[in-house]
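The values are calculated or read from the model by the stated rules, or taken from the named source; none is laboratory data. Worth saying up front: this structure is predicted, and the values here are computed from it rather than measured. When we count neighbours, we look across all protein chains shown, and the Cβ atoms used for this are built from the backbone with ideal geometry, even at glycine.
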Amino acid sequence: MSLKNVVKTGVALSGLVLASVLATGSATAGQTLTLAQVSEGFDPARTYTQSCAACHNSGAAGAPRMGNSADWSARLEKGMDVLVEHTINGFNNIMPPKGMCFTCSDDELRAIVQYIIDESVE
Ligand code: HEC
């Protein structure tokens, strides 16, 4: 199974559509659906708003704040790989695993972290 063939429908599937396809089992044998890479149509900004903004906009429970350069510069010193790993597995029992985006692949979570840093670090 090639990871390149994530979506063969020719339709830009959003995470939600993809999730509902998986949930209803309506994908045919001819379709290769996998969450191992960034899906066609994946939008880091939209997924951030859906999954991460509740904590990261306000800084709830000490979450580094979106758009706050100091918050994210300090985190970035650990290196991108560490930040992504902490996003996937959770961190300090307060940052939830996958940031609560359970349909997100590891690469999609990385894309969201990159998006946050691009928007935040000056
Ligand atoms: C329930 C609240 C909550 C949600 C939802 C949440 N986070 Fe967090 N996140 C936190 C908190 C709190 C911290 C700070 C933890 C600490 O430093 O002890 C954090 C830290 C982080 C860090 C820094 C980790 C490090 O090593 O310093 C990254 C990156 C991150 N979150 C990404 C995300 C992404 C991406 C999402 C959405 C997919 C997300 N978070 C959703 C609460 C949340």
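In segment 37-57, the qualifying residues are those that are at pLDDT 95 or above and polar (S, T, N, Q), and the one that is nearest to the ligand (Cβ to nearest atom) is Ser51. Kindly indicate whether any position in segment 56-69 is outside any loop (DSSP other than H, G, I, E, B), over 18 Å from Pro97 (Cα atoms) and not charged (D, E, K, R). Yes, segment 56-69 contains a residue that is outside any loop (DSSP other than H, G, I, E, B), over 18 Å from Pro97 (Cα atoms) and not charged (D, E, K, R). Among the residues of segment 101-122, those that are part of a helix (DSSP H, G or I) and under 9 Å from the mean Cα position of the chain (by Cα) comprise Asp106, Asp107, Glu108, Leu109, Arg110, Ala111, Ile112, Val113. Pairs linking a residue in segment 84-95 that is closer than 17 Å to Gln114 by Cα to a residue that is polar (S, T, N, Q) and not in a helix (DSSP H, G or I), with Cβ atoms under 9 Å and 6 or more positions apart or on different chains, are His86/Asn92. Contact map, segment 96-122: first residue assigned by TED's automatic domain parsing to the domain that holds Pro64, second residue modelled with pLDDT under 95 and assigned to a helix (DSSP H, G or I), Cβ cut-off under 6 Å, separation 6 or more or different chains; pairs are Thr103/Gly15; Thr103/Ala19. Among the residues of this structure, Asp106 counts as one that is surrounded by 14 or more Cβ atoms within 10 Å (Cβ to Cβ) and modelled with pLDDT of 95 or more. Filtering Gly99, Gly90, Gly67, Gly59 for residues that are under 29 Å from Glu40 (Cβ atoms) and loosely packed, with under 14 Cβ neighbours inside 10 Å leaves a single hit, Gly67. Residues that are within 9 Å of the ligand (Cβ to nearest atom), small (Gly, Ala, Ser), out of contact with any Asp or Glu (no Cβ under 9 Å at 6 or more places or on another chain) and closer than 16 Å to Ser120 by Cα within segment 63-96 comprise just one, Ala74.
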